[in-house]
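Nothing in this text is a laboratory measurement; each read-out follows from the coordinates by a stated rule. None of these values were measured; they are calculated from a predicted model. Cβ: placed from backbone, ideal geometry, glycine included. Neighbour counts: every protein chain shown.
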Amino acid sequence: MSFGNIFGAWVTVFLTLAILSYLYKDNPFYKIAEHVYVGVSAAYWGTIAFWNQVWPNLFGRLWPEYDPATLTGFNKFWYKIYNGLTWFSSSIFPENGIPGNQEQNLWYIIAFLLGLFMLARLIPSINWLGRWSLAYVVGMAAGLRIYGFMSSNVIAQIHGSILPLWGNGMGIGDTINNLVLIVGTVTGLFYFFFSVEHKGIFGKVSRVGIYFLMISFGASFGFAVMGRISLLIGRFNILIEYSKEQYGYATIVLLVVMVATLLILNLKKPEPEEEIVE
Amino acid sequence: MSNFLDKLDSLDRRYIFLIIAIVVILPLIFPLGLPVEPTNLTIDAFDAIDNIPKDEKVLVSFDYGPSTKPEIHPMAIAILRHLFTNGNRVIITCLWPDGLFMSREALEQVADGEFGLEYGVDYVNLGYRPGNEAVIKGITKSFPANFTVDSRAININEIPLMNGVQSLKDIGFIFSLSAGYPGSKEWVQYASDPLKIKTSTGVTSIQVNEILPFVKSGQLQGIIAGMPGAAEYEQLLVKNKIHPTIGKAGKSMDAQSIAHLVIVLFIIVGNISYFAKRKKEKKY
């Protein structure tokens, strides 16, 4: 077992126990884990996004790898800008362009400028430029989502809820299933129709809709509990694995140390008495 | 009795946390071997993958991270085992940044460790691209425009497996391992429905209710629902002699079942305590 693996196991166990310690109460271990998580997540996300997207797909298309002897016209000027950037960082902007054999596509200058405008939000005097980038993102996202939502969630789902109640070798079970689905859909929709007061027949139908919704919420709660228990099992599996001798009994040692520290902290600083609100 | 119910009402919730911890840990250390029966939803997903023609290219998207690893990762392992046994060639994409690490771990275990497959010929990992559904929409038109290089920085045009794969239209089946947004729903909306590509999914338990309508309407071919779904899939692999033993999900199901029983018990006792208290308040 390498030192790296053992060290990794100890860090994993410490962070897991530190997060779980919040179930006892807020404490310094939890605070450390929380801050480490936020910092590492932001740095990780930023690094991955830059090296997987910005570098190959944006810079790689603006300044693909080139042969200096073949540069002509506008590209001579264009790669002079690039050479200036090489001075800024030779690992991001290596000599002779970004490797990867991409084709040059100067339309990506628009994307580059919109990206720079977004960063302009950090400078108060020109932060208005960021609105252009945001407008593009909002417009693009809205258009893209409406298309997907309308075709898959609305049209395909309406199509999927038009079901036969008999025929084609359907058994009684299929008929009941389809009937429940149709009644649930229709009564559920009735409940969300607010232009008419929920009274009389309309009230009774929407009441049935509420029952269907409640069953759905119950199922969601059940699945949520199942999911959380699964995640807890995953953590405990890790803790059990790292409590073995080859990891230096990481779980047991850290558990004892953390419990002892929390007890000492608790003794030193008694909990404030709860205020009685009348 | 009344005194006991009053005590329950003011019970420190940390005792409940402690009981849950105990009932989860004990079955993990001392397994009971409770049976797991595959449900129709898991069987549908299994059959959909089993019926993919040999040599067909399959896209598997790793849309999850370490936070949901216990639920989704066993599915990833089981699905890859099934696909490689079938003789399918696998193209990996990741819509989540952490998905890259999850996919590397799963491929290292299954493709390299168990099957000894060749990178770039039998499988390829295109890695992560930011952009959520825009990435899916993009690859419906062109892979090279969105993935110029793979996760090892190899140009996509130099990868043998990507020969003849210009867009998603050249893919025979999509499987999304999804822990939320972007995930299964986006694959249905932007790839499966518009291009009529058969798609199936493995999701976290919390997503099941949201994704089930897509299964019922035939937009998705079955669903592997959370850790129990993964355990059922592992069971199907064993029954069909695709893999000799059950995996991590199957081994964790004892803890899951016992914990559920205890939670149901808590809900019943909590309700009895609530109604007893209400009755008492009405009395006075």
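Derived from the Cα gyration tensor, the three semi-axes of the equivalent ellipsoid of the stretch A:125-278 are 49, 30, 25 Å, largest first.
Can you tell me how much longer the chain between A:MET170 and A:MET1 gets when fully stretched, taken as 0.36 nm per residue apart minus their C-alpha distance, in nm with one decimal? My answer for the length gained is 54.8 nm. Taking the Cα atoms of chain B, the ratio Rg/Rh between the radius of gyration and the Kirkwood radius comes to 1.09. For B:ASN88, the residues 5 or more places off, or on other chains, whose built amide H falls under 5 Å of its own are B:ASP55. Once the C-beta distance of A:ILE92 and A:ILE19 is scaled by a Förster radius of 30 Å, the resulting FRET efficiency is 0.30 to the nearest 0.05. Shape of chain A from its Cα gyration tensor (a ≥ b ≥ c, root eigenvalues): rounded if a/c is under 1.5, otherwise prolate when a/b > b/c, or oblate? It comes out oblate by the Cα gyration axes.
Spin-label model, B:ALA153 to A:LYS80: label points 7 Å out along the Cα-to-beta-carbon direction sit 3.0 nm apart.
Within the stretch A:107-160, the proportion of C-alpha pairs whose separation exceeds 16 Å stands at 56%. Compared with the alpha-carbon gap, the fully stretched path from A:LEU71 to A:ALA260 is longer by 61.1 nm at 0.36 nm per residue.
At q = 0.25 Å⁻¹ the log10 of I(q)/I(0) for the stretch A:1-82 amounts to -1.10, computed by Debye summation with a single uniform scatterer per C-alpha, solvent ignored. Taking every residue in B:257-265 and counting other chain Cβ atoms within 10 Å of its Cβ, the average works out to 2.
Our estimate of slack between A:TRP128 and A:GLU197, defined as 0.36 nm per intervening residue step minus the Cα-Cα distance, is 20.2 nm. Scanning chain B for long hydrophobic helices, with DSSP H runs required to stretch 18 angstrom or more by C-alpha along their axis and to average at least 1.6 on the Kyte-Doolittle scale, returns B:13-29. Within chain A, helices built from complete DSSP H runs that reach 30 Å or longer along their own axis (Cα positions) and carry a mean Kyte-Doolittle hydropathy of 0.5 or higher are A:28-49, A:200-241. Bridgeable lysines around A:LYS25 (alpha carbons under 18 Å apart, same-chain partners fewer than 8 residues away excluded): A:LYS268, A:LYS269.
Using the Cβ-Cβ distance between B:ASP47 and A:SER151 with R0 set to 25 Å, the FRET efficiency from 1/(1 + (r/R0)^6) comes to roughly 0.45. This ranking places A:SER151, A:SER206, A:SER125 by how few other beta-carbon atoms lie within 10 Å of each, fewest first, which gives A:SER125, A:SER151, A:SER206. For the peptide B:60-66, the mean number of other protein chain Cβ atoms found within 10 angstrom of a residue's Cβ is 0.
The spacing between the stretch B:225-284 and the stretch A:101-164, judged by their C-alpha centroids, is 41 Å. Computed over the Cα atoms of the stretch A:40-158, the ratio of the radius of gyration to the Kirkwood radius (Rg/Rh) comes to 1.09.
Against the compact-protein benchmark of 2.2 N^0.38 Å, the Cα-based radius of gyration of the stretch B:180-284 scales to 1.57.
Note on A:TRP78, B:TRP187: ascending count of other Cβ atoms within 10 Å places them as A:TRP78, B:TRP187, the fewest first.
With R₀ fixed at 41 Å, the C-beta to C-beta distance from B:LEU195 to A:VAL253 puts the FRET efficiency at about 0.15. Equivalent ellipsoid of the stretch B:1-126: semi-axes from √(5λ) of the C-alpha gyration tensor, largest first, are 41, 18, 14 Å.
The equivalent ellipsoid of the protein assembly as shown has semi-axes of 44, 33, 28 Å, largest first, where each one is the square root of 5 times an eigenvalue of the Cα gyration tensor.
Near B:PHE46, once Lys and Arg are set to +1 and Asp and Glu to -1 for all other residues with Cβ below 15 Å from its Cβ, the sum equals -2.
This ranking places A:THR187, A:THR261, B:THR42 by how few other beta-carbon atoms lie within 10 Å of each, fewest first, which gives A:THR261, A:THR187, B:THR42.
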